[in-house]
Number of protein chains: 4
Amino acid sequence: MTATVSPVTLQVKDGPGQPDPTPELHELYRGFEQELLVPLWTEIGDLMPSSPRPAARSHLWRWAKLLGLAQRSGELVPVGRGGERRAIALANPGLGGAPYATPTLWAAIQYLNPREDAPVHRHTQHAFRFVVEGEGVWTVVDGDPVAMRRGDFLLTPGWRFHGHHNQADTPMAWLDGLDIPFVHHTGSSFFELGPDKVADRSTPDRSRAERLWAHPGLRPVSQPEAQTSSPIAAYRWEHTDAALADQLDLEAAGHPGVLEPGHAAVRFSNPTTGGDVMPTIRAEMHRLRAGGSSATRREVGSAVWQVFDGTGRVRVGEREWEVDRGDLVAVPSWQPLTIAAGSQLDLFRFSDSPIFERLNADRVQVDAS
Amino acid sequence: MTATVSPVTLQVKDGPGQPDPTPELHELYRGFEQELLVPLWTEIGDLMPSSPRPAARSHLWRWAKLLGLAQRSGELVPVGRGGERRAIALANPGLGGAPYATPTLWAAIQYLNPREDAPVHRHTQHAFRFVVEGEGVWTVVDGDPVAMRRGDFLLTPGWRFHGHHNQADTPMAWLDGLDIPFVHHTGSSFFELGPDKVADRSTPDRSRAERLWAHPGLRPVSQPEAQTSSPIAAYRWEHTDAALADQLDLEAAGHPGVLEPGHAAVRFSNPTTGGDVMPTIRAEMHRLRAGGSSATRREVGSAVWQVFDGTGRVRVGEREWEVDRGDLVAVPSWQPLTIAAGSQLDLFRFSDSPIFERLNADRVQVDAS
Amino acid sequence: MTATVSPVTLQVKDGPGQPDPTPELHELYRGFEQELLVPLWTEIGDLMPSSPRPAARSHLWRWAKLLGLAQRSGELVPVGRGGERRAIALANPGLGGAPYATPTLWAAIQYLNPREDAPVHRHTQHAFRFVVEGEGVWTVVDGDPVAMRRGDFLLTPGWRFHGHHNQADTPMAWLDGLDIPFVHHTGSSFFELGPDKVADRSTPDRSRAERLWAHPGLRPVSQPEAQTSSPIAAYRWEHTDAALADQLDLEAAGHPGVLEPGHAAVRFSNPTTGGDVMPTIRAEMHRLRAGGSSATRREVGSAVWQVFDGTGRVRVGEREWEVDRGDLVAVPSWQPLTIAAGSQLDLFRFSDSPIFERLNADRVQVDAS
Amino acid sequence: MTATVSPVTLQVKDGPGQPDPTPELHELYRGFEQELLVPLWTEIGDLMPSSPRPAARSHLWRWAKLLGLAQRSGELVPVGRGGERRAIALANPGLGGAPYATPTLWAAIQYLNPREDAPVHRHTQHAFRFVVEGEGVWTVVDGDPVAMRRGDFLLTPGWRFHGHHNQADTPMAWLDGLDIPFVHHTGSSFFELGPDKVADRSTPDRSRAERLWAHPGLRPVSQPEAQTSSPIAAYRWEHTDAALADQLDLEAAGHPGVLEPGHAAVRFSNPTTGGDVMPTIRAEMHRLRAGGSSATRREVGSAVWQVFDGTGRVRVGEREWEVDRGDLVAVPSWQPLTIAAGSQLDLFRFSDSPIFERLNADRVQVDAS
């Protein structure tokens, strides 16, 4: 725990409901400062706005730039005990230079050189990987080797030991998502080191977790309990792709299923509860038909989107970007988001929505585009 | 939304797992800064500690000082539209001068002069009042007047219109608790103004909510649904006191019920679910026998304690204070807490525990004192 | 397990969808009988009616008659091991002479002579007592003595050891309610004997369970878990009466709360969940103003009503009765029920509604009277 | 509602706890009979046994016999309005000739001739189909055509309109499972006719429900709510087979997953909750290695097993049978069950376990075989 003591510094303010700036008031405020007190009446506008005014800003990070810097890090920065991971995090421009994509979410590019290992550890932070390109790395989660391939969504729920190793002769990069900022802010981080290298270096196509759990609507009778996080270690692209294609085909045949016209979407879910994959993180894959556009939607809570395939335009509030494969956009709470597809456009999305739903604080507003 | 853009400023660091501080590395870090990126390997120790190291610090605020400054505010600061409330918040010395008792919890003394009104508004932030002394104010929650008296615990769950008015010829002060910091950090604040004055100025002993809901184990058949927050507007001291006394009497007769030897505790609960009174806030009343002492306990999540009656000593980590009626102590996440009673000691406690329980991140460690 | 084998006996039937009654058909039906088979097409009308057509019938039992027979049993029938209880059950006239008030519910008058004991046992069947008159008996539930007095509703959830003893010089009778028929039909009965006499013969006013749990909205911090059945051993008349009076007073002042005009109702609930007191049994107390009348209501599932105080008329389908203190009425599934109060009328009701709610099979239909 | 009134007929009994058989006692019992009352003390042994003693008996029905009688019914009995279905139900020999496989479960062989239709209706009873052989029929559930093929498990949750039509030139038979006896006993049946023929006669390989829902761990974002019953209309044999094979492969490689040594088992589940497919019915597929044997297991609640493939021996209590493809065994509550595989043995099982789990009355006892 840091020993730093922060002083309180109060400004006398003008405006409706503010007291007269008399010498007595100044003296009162000095008393507040001395006793580590802050009046509500000077702060309420910022603290309790009529709708969310997050400090975080919408921002676009280009995959090409990320990848270039990650490759350079691959040359200069070792992976090992202490630093633990060669991961480079998005720092939201509204959050003071902290490595936070949003106030609750961490998003980083992680990079492994050929034949390289990332050491084993575990932590209460929930993590996933999403692979926008490449293959050859296995992440080993509580001893179960999980192959990583383009389009796959892979889970490392909190407090599971995990390390990675690259079995290929080519480097590999992917997206890491975690709830590090939320855990840090709320003071709930626990962390433990494991071995320097993963023990099981086998390279199966499917993890043991998938063999037990990734059959549609089927669960092993030996494990009847609800689990906090999904036991499916890997959600494979072939299933995700088929589910999205099925939604668009159903729509074409006049049947319900898509989220809105021309917009298919699936949520990765925990088969033991039907809920989100992890307690703090929602993850989804979206597909827009070429030329289609989403409604404008705002939602309590923040999200990060990554283009998986195709091109289009993403608008958040007043800002708008052309996006291409791998590009990442941070969407702060309650910012209106619209997505327009140039080509058919596939996007991965993760958000902190489960936090708000579990705390009964979720709100959504959708305007037809 | 603020337009401020925060620069990223990276330091090359020393230590295990850190890359060599070559000119190339410096150049790489300049690239990170330019692209709003932060490497994990320089930050992981702070971001993901082996156990929580909150920025917030334990701290004691003396009620006598708070009350003196509140009285002076009563002379200098009006209550009305804009400032909304004459409330003065505890500012944790580790949190940069912000009006946060902990990273998630707001605690303030609120003060109303005789015959004064606090105007009506509503907000998504959940609120309660706890009365350490005095009476004469009614808080009117969605049109239902709720008397406030010493020992009472009163609810204003999120998004209910509420205003207060003092019907007495004496001023009144009380403790306000809210989840303002949590809501602010996560960007989920909505706020609306209501009328300048409460409409129903009647002064019943019991609120309508109590008449419907504050009968032990009984609920109106007309309202069978589970409610997000407790419908009991006021938990009266006479019931709380009796429940604590019953626990100690049971213990004296050799029966279970107390939390630990000599330590009775009741939790204010939502009778429609059995859970906490509000989604983000837990509230409890504790009673220690004279001369008794609690075990040392640490818990994920933060809390604020207020002495309701009696005297004793509170120790948090390395710090320890003599405490008296009304004194307030902030306990950051995972800090070990021990309470020792001089006289019989009654304490009110509120915490953010429901957040962690609902997100499956709660942990507790108890050491016999 | 009984060794009785029941033959299948099939009738060739007439009507729409029925096959021609040829000799070949007769031969086919003999084949069915031989192989223990029954065709759907002859049975579907009875098995799957368009709305429930229960075999159980509505019926009224007069308390005066019950009490007379119970008193006579007090003279002729001992209470002890083997017979276990001097309880006399309502046998619904549609259920073949079985001691079932409805297909799921047992209702009986139980009777103890002065200074008499009912031996200790436990069973998976859930039980309660409701006291329409008298006092002097303590039921001892898992060692906790619980006084029984007029108006009290007392719980013995499944698998708790319990015995009763009469400390008075007068006999005492009360209503027992259990889910015996449901448990019998579904084959889920477990039963164990305990001591012949209760161990703790103390006669406290309040049970230990009440001292821990019967404080409005308060629960002991030492027992944070949800419990299958309510931990409140006794719901006292003074609280029930006050809650009903409060609802009628609120109505008189123009506020919501009553179930319908002139009709107050409270449900006994489990403070650890907000749900029903036991998994299979709902219990409520109703109060109608003098001269008032309920809407006509039908509900999936069956119920038993007992008049606690006052007089009135109860109509179930085509049948109608004048009712007085203690009288009992069985209401089969989906039978329309209307209650009209002569004097102010208090009624106790118990039903199997939780079974249907937990199985998502509940339906209610209300017609204004 | 039947107008039949059942008389009560009481026997004076001998034994511990029974009163002396005096003339006064006989007179008392006549009084009980007259008032429709039954004493507990004569009935308690039967009503509340120390462990379940169900009236239902274990029994084996041979598929070959069922199929022969179904084929003959195909010649003699039309399918149409009124009779509704050509279904022939198992009548448990302990249940008085009623068409109940167990006190809660219905099991029948249903049979459709080439090009035949079963008319559309809906009912609150929950239904499934399991196909032990054949194909060519589509069941159309709320307008969605669902192909039926060997090994498939198909759902018709309560209150969905459904009809069947055979598109093939060959007849088809399958197993129907419903909760008819439970619904009948508890008086909760609602039933409505639909059109005489299904409207959508298309013959897709996969239903629309499958295209939306049968992707492992993925759910459509457009339907975020929990559903009472599983939205997966068909659980296809290829997935079930693969999941069972995966479990046995994992076991062979030394990893957990099987239910017990040599015994793989998957439960069909509701992807929106992780729970059972329907509120009253559990369904599973089991696979035993050739020569393997299950532990002996008893469970509160009843089940029906059908051999899907292979041969073996099934023992229930004192009875034992050689079983072959299609054979059906009813297992009453708490009867010890052991299964031994001759060849590799695949079995389908359905039970009423969800009823007991939802009512907190489930119990299981497993003895190593």
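Miscellaneous remarks
- Residue within the range C:209-231 that is of a type in the set (A, V, I, L, M) and without any contact (Cβ under 8 Å) to a residue 12 or more places away in the chain present: yes
- Checked against the criteria, B:S189 counts as surrounded by 23 or more Cβ atoms within 10 Å (Cβ to Cβ), closer than 22 Å to B:G82 by Cβ and not assigned by TED's automatic domain parsing to the domain that holds B:H286.
- Selection of the range D:245-267 for residues being more than 7 Å from every other protein chain (Cβ to nearest Cβ) and crowded, with 23+ Cβ neighbours inside 10 Å yields D:H263, D:A264.
- Residue check for B:L259: touching a residue at least 24 places away in the same chain (Cβ under 8 Å) and within 16 Å of C:A209 (Cα to Cα): yes
- Long-range neighbours under 9 Å by Cβ, at least six apart or interchain, first residue over 9 Å from B:G17 (Cα atoms) within the range A:65-92, second surrounded by 17 or more Cβ atoms within 10 Å (Cβ to Cβ) and basic (K, R): A:A70/A:R86; A:S73/A:R86; A:G74/A:R86; A:N92/A:R57
- Matching option when the condition is under 22 Å from A:G134 (Cβ atoms) and surrounded by 22 or more Cβ atoms within 10 Å (Cβ to Cβ), among A:L105, A:L66, A:L47, A:L40: A:L66
- B:P220 vs. criteria away from chain A (no Cβ under 14 Å) and either closer than 28 Å to B:G257 by Cα or touching a Phe, Trp or Tyr at 6+ places or on another chain (Cβ under 8 Å) (or both): yes
- The single condition among (1) touching a helix residue (DSSP H, G or I) at 6+ places or on another chain (Cβ under 7 Å); (2) closer than 17 Å to A:T42 by Cα that B:L37 does not meet is (2).
- Matching option when the condition is closer than 30 Å to B:S269 by Cα, of a type in the set (D, E, K, R) and over 21 Å from the mean Cα position of the chain (by Cα), among C:E357, C:E260, C:E318: C:E260
- Residues in the range D:205-217 that are closer than 19 Å to D:G275 by Cβ, more than 7 Å from chain A (Cβ to nearest Cβ) and surrounded by 23 or more Cβ atoms within 10 Å (Cβ to Cβ): D:W213 only.
- Leading residue by the ranking (farthest from C:P52 (Cα to Cα)) among those in the range D:108-119 that are of a type outside the set (F, W, Y) and buried (at least 24 other Cβ atoms within 10 Å of the Cβ): D:L112
- Looking only at the range D:10-30, and only at residues there that are surrounded by 11 or more Cβ atoms within 10 Å (Cβ to Cβ) and of a type in the set (S, T, N, Q), the one that is farthest from D:W41 (Cα to Cα): D:T22
- Taking the conditions (1) without any contact (Cβ under 8 Å) to a residue 60 or more places away in the chain; (2) in contact with a Phe, Trp or Tyr (Cβ under 6 Å, 6 or more places away or on another chain); (3) of a type outside the set (V, I, T) in turn, A:G342 satisfies each one other than (2).
- Residues of the range D:142-169 satisfying the condition of being within 23 Å of C:N360 (Cα to Cα) and among the polar types (S, T, N, Q): D:T156
- Spans of strands (runs of 3 or more DSSP E) in the range B:1-120 with at least 1 residues modelled with pLDDT of 95 or more and over 28 Å from A:L328 (Cα atoms): B:59-61, B:87-90, B:106-112
- Qualifying positions in the range A:182-197 - away from chain B (no Cβ under 14 Å) and either outside any loop (DSSP other than H, G, I, E, B) or farther than 30 Å from B:Q365 by Cβ (or both): A:K197
- Residues in the range A:146-186 that are on the phi > 0 side of the Ramachandran plot and not hydrophobic (A, V, I, L, M, F, W, C): 1 in all.
- Condition check for D:T272: touching a residue at least 60 places away in the same chain (Cβ under 8 Å) and surrounded by fewer than 24 Cβ atoms within 10 Å (Cβ to Cβ): no
- Count of residues meeting criterion [outside any loop (DSSP other than H, G, I, E, B) and either of a type in the set (S, T, Y) or within 30 Å of D:A55 (Cα to Cα) (or both)] in the range C:159-181: 8
- Pairing residues of the range B:5-18 that are within 7 Å of chain A (Cβ to nearest Cβ) with residues that are among the hydroxyl-bearing types (S, T, Y), at Cβ distances under 8 Å and at least 6 apart in sequence or on separate chains, gives B:Q18/B:T42.
- Scanning the range D:52-105 for residues that are among the polar types (S, T, N, Q) and within 23 Å of D:H184 (Cα to Cα) yields a count of 4.
- Qualifying residue in the range B:135-151 (condition: at the interface with another protein chain (Cβ under 10 Å from one of its Cβ atoms), of a type outside the set (V, I, T) and more than 20 Å from the chain's Cα centre (by Cα)): yes
- Residues within the range C:311-359 that are of a type outside the set (A, V, I, L, M) and in a strand (DSSP E or B), tallied: 13
The values are calculated or read from the model by the stated rules, or taken from the named source; none is laboratory data. Predicted model, so just to flag it, every value in this text is computed and none were measured. Note: ideal-geometry Cβ built from the backbone for every residue, glycine included; neighbour counts use all protein chains shown.
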